[in-house]
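Report on the following structure.
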Amino acid sequence: AQTVTQSQPEMSVQEAETVTLSCTYDTSESDYYLFWYKQPPSRQMILVIRQEAYKQQNATENRFSVNFQKAAKSFSLKISDSQLGDAAMYFCAYRTTSGNTPLVFGKGTRLSVIA
Amino acid sequence: KAGVTQTPRYLIKTRGQQVTLSCSPISGHRSVSWYQQTPGQGLQFLFEYFSETQRNKGNFPGRFSGRQFSNSRSEMNVSTLELGDSALYLCASSGGWTSGTGDTQYFGPGTRLTVL
């Protein structure tokens, strides 16, 4: 079974600084998608960024970028120029393209942003 | 497009009662998934519906059930509520693998269920 591991339960970053959240996953599949979701204290889960495994280029969305290392099964999220609004739980998730399997989530990393 | 909506947002029930939660997906999305989120267990997959058919089910007891209607709206039902069912229940919709977004799931705000 596929698993997703986020080894940092909590992290903090100073406003305007850069922070990297780690995620590793275990799979025997070759074609899959990886996601980072953000869940602010208001509880609405928001998609931050999506990476297709067959694409070598790392995805970016404004201040958010990923470092996708397929061989190492690593998918870290970098947040640049951190803002107070970035404070949230961040979940890494995986979904294979083969078969109808559900999205698999990590346990999450709680990010605090210090003014 | 309007996002995923869930009703009600908050619910308080007592043990033994049953509850029905509703989810309306993003217009055009035919897949709806349900998750239970608790501080201890994190996000756990309940089930997924696509075109009124359940195509995946998580490891939950039979007290948890769901269905999807022809307009893609979905409901989940929990019967004989237990204290441990207190959780945030999240619904997510997706446009399918042919949508060009990798069947990305978009979440609703959730229903906070408290069982007393």
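The values are calculated or read from the model by the stated rules, or taken from the named source; none is laboratory data. Because the structure is a prediction, the values reported are computed rather than measured. All Cβ positions, glycine included, derive from the backbone under ideal geometry; neighbour counts span all protein chains shown. We work out accessible area using only protein heavy atoms, side chains counted, and drop any ligands, DNA or RNA first. Shrake-Rupley method; radii C 1.70, N 1.55, O 1.52, S 1.80 Å.
Observations on the model:
- B:SER93 being in a loop (DSSP other than H, G, I, E, B), among the polar types (S, T, N, Q) and open to solvent by less than 20 Å² (accessible area, probe 1.4 Å): no
- Tally of residues being in contact (Cβ under 8 Å) with a residue 12 or more places away in the chain and either open to solvent by 60 Å² or more (accessible area, probe 1.4 Å) or within 13 Å of another protein chain (Cβ to nearest Cβ) (or both) across segment B:24-46: 16
- In the set (1) within 14 Å of chain A (Cβ to nearest Cβ); (2) more than 15 Å from B:PHE107 (Cβ to Cβ); (3) over 12 Å from the mean Cα position of the chain (by Cα), B:TYR49 fails one condition alone, (3).
The rows are residues; the columns are (1) of a type in the set (D, E, K, R); (2) in contact with a Cys (Cβ under 6 Å, 6 or more places away or on another chain); (3) facing chain A (nearest Cβ under 9 Å).
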| site | (1), (2), (3) |
| --- | --- |
| B:VAL78 | no, no, no |
| B:GLY84 | no, no, no |
| B:LEU90 | no, no, yes |
| B:THR98 | no, no, no |
| B:ASP103 | yes, no, yes |
| B:PHE107 | no, no, yes |
| B:GLY110 | no, no, yes |
| B:THR114 | no, no, no |
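- Answer from A:TYR25, A:TYR37 - the residue that is over 28 Å from B:THR111 (Cα atoms), of a type in the set (Ser, Thr, Tyr) and open to solvent by less than 20 Å² (accessible area, probe 1.4 Å): A:TYR25
- Checked against (1) in a loop (DSSP other than H, G, I, E, B); (2) surrounded by fewer than 16 Cβ atoms within 10 Å (Cβ to Cβ); (3) under 15 Å from the mean Cα position of the chain (by Cα), B:GLN54 passes all but condition (1).
- Counting residues in segment A:77-99 that are farther than 12 Å from A:PHE35 by Cβ, assigned to a loop (DSSP other than H, G, I, E, B), open to solvent by 20 Å² or more (accessible area, probe 1.4 Å) and basic (Lys, Arg) gives zero.
- Test for B:ASN71: is it touching a residue at least 24 places away in the same chain (Cβ under 8 Å), away from every other protein chain (no Cβ under 12 Å) and farther than 23 Å from A:ALA93 by Cβ: no
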